[in-house]
1. Between VAL109 and residues 5 or more places away or on another chain, which pairs have amide H atoms under 5 Å apart, with H built 1.01 Å from N, and which residues are they?
2. Using 0.36 nm per residue, how much length does the chain from ALA12 to ALA239 gain when fully extended, once their Cα-Cα distance is taken away?
3. Do the sum for the chain: with -39,500 (n - 2.57) for every DSSP H run of n ≥ 4, divided by all residues, what is the mean residue ellipticity at 222 nm, to the nearest 500 deg cm²/dmol?
4. What is the packing order of peptides 159-171, 200-212, 184-196, 13-25, taking the mean over residues of other C-beta atoms within 10 Å and listing the highest first?
5. About its Cα centre, how strong a charge dipole does the chain have in debye, to the nearest 20, once Lys and Arg get +1 and Asp and Glu get -1 at the Cβ?
6. May I ask which residue of TRP180, ASN104, SER149 lies farthest towards the positive end of the charge dipole of segment 69-181, with charges of +1 (Lys, Arg) and -1 (Asp, Glu) on Cβ and the Cα centre as origin?
7. More than 18 angstrom separation, counting every C-alpha pair in segment 178-303; what % is that?
8. Which whole-number percent is the relative contact order of the chain (Cα, under 8 Å, 6+ apart)?
Amino acid sequence: MTGQTAPAAPSAAVSVDVPAKINPHLGVGDARADGFHALSTVYQSISLYDTVTVERREEPGIELTISGEGADILPRGDENLAVKAAKLIAIYGSVDPDVRIHLNKRIPVAGGLAGGSADAAATLVACSRLWEIEIGDAEMHRLAAGLGSDVPFCLKGGTAVGAGRGEELTRVEVGGSWHWVVATTDTQISTPECFKEVDRLREDGIGRFSADVDQIVRAFESGIGADELSRLLVNDMEAAAVSLRPQLASLMHGGLEEGALAAHVSGSGPTVLFLASDVKHAMALARRMRMRGGAKSVHIANGPVPGPAA
Ligand SMILES: C[C@](O)(CO)[C@H](O)COP(=O)(O)OP(=O)(O)OC[C@H]1O[C@@H](n2ccc(N)nc2=O)[C@H](O)[C@@H]1O
Ligand SMILES: Nc1ncnc2c1ncn2[C@@H]1O[C@H](COP(=O)(O)OP(=O)(O)OP(=O)(O)O)[C@@H](O)[C@H]1O
C-alpha cells in the first residue's frame, strides 16, 4: 500500500452512427391549433450517416465541435439540437451535463433529410450510455418528441408510419431494400418556410392532403420492386419546395432523363431523391448525374437501415 489514490480511469468516449430519413409518402393536412400540420407519412432511414461522439469532461458545461457537412454554418450553442438533447437527457438522469460532443456530419444540412433531428436522437442515445442512465423506450420517445417531430423516428430508424405531427409511430416490417441516388443542391429550405408555402398554395386551390398510406405500406411489407414503388411515391410538400426553389424542377427532370425510375423531393426539400432499380443502377445513375452537373453533391444510399435505438 502506498497510500496514493490511483487516478480515475478516463471514461471511454461513446460514438453513435445515425442515419438520415426520407419520406416515401408525405401527406400534409391542415395546420392545427398548435401551429403544427397533421401528417400522414411513411418514414424510411437510408444509409447516409452522421456520427455523434460524446465524452465526459472535467470542466462544467457542454463543449460542441463539428466537422464535415455544414461545420462552418451550424450553431455551436444552445440552438444546436445535439446540445438541447444532451441537456434534456441530463435533466432526466439528474446528472451534470459536463460533456464534450463531436458531430461528424455527412447528412446535408437543411436538406429535408432530418440531419439535425438525427443528431438529436443520436445524442440522446450516446449520453444515456455515457452517463449510464436507465431509460425506457416510452420515456426516450417522449424526450425525443419534445426536441422535434422527426426525432422519435430518427431514434428507431427502419420504416414506420408517422401520424400526429409525425411523432406517433407505427413500425412497418419491410420485405426488401431499395436504392436511391441523393442529389443535394446549393440552396437550403427551412422546414417552417416550406409548410407555410404548402398553406399558401392550398389557399389558391393547389394541392390536397394525401392521407392514405395503406397502399405504400402494403408495398413495403411485400418487398415490392422499385419499378412499382416508383408509382407510389407521394410528397404533398413537393409543389411547395419547387415553388420556393424553381431550379429543383430541372434537377428532377435531369435525373429522369438519365434513367431514374422516379424523382422525389425529400421531405421539405431541397434534396432530391432518385429511385434506382438496384445498386448497380444507382451507381451508374449517380455517375451520370455527376457528369451532367446541376447538383451540389450526389450520393448513393439504400434503405431501410436501423436507427441508433432500434
Ligand atoms: C417535413 C418533415 O421533415 C417530414 O418528416 C417533418 O415534418 C419536419 O419535422 P422537424 O424538422 O422535426 O420539425 P419540428 O422541429 O418539429 O418543427 C419545425 C417547424 O416546422 C413546422 N411543422 C413541423 C412539423 C409538422 N408536422 N408541422 C409543421 O408545421 C412548424 O412550423 C414547426 O415549428
Ligand atoms: N445538429 C444539427 N445539425 C443540423 N442542423 C441543425 C443542428 N442543430 C440545429 N440545426 C438547425 O436546424 C436547421 C435544419 O437543419 P436540418 O439539417 O435538420 O434540416 P432538414 O434536414 O431540412 O430537417 P427536416 O428534414 O427534419 O425538416 C439548420 O438550419 C440548423 O440551423
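1. For VAL109, whose amide H was placed from the backbone, there are no distant partners under 5 Å.
2. Gain on stretching ALA12 to ALA239: 77.0 nm.
3. Calculated mean residue ellipticity at 222 nm is -10000 deg cm²/dmol.
4. 13-25, 159-171, 184-196, 200-212
5. The calculated dipole for the chain is roughly 680 debye.
6. Going by the Cα projections, it comes out as TRP180.
7. 53
8. For the chain, the relative contact order is 25 percent.
Since every read-out is calculated from the coordinates, none of them should be taken as a lab result. All values derive from a computational prediction rather than experimental measurement. Glycine gets a Cβ as well: all are built from the backbone with ideal geometry, and neighbour counts include every protein chain shown.
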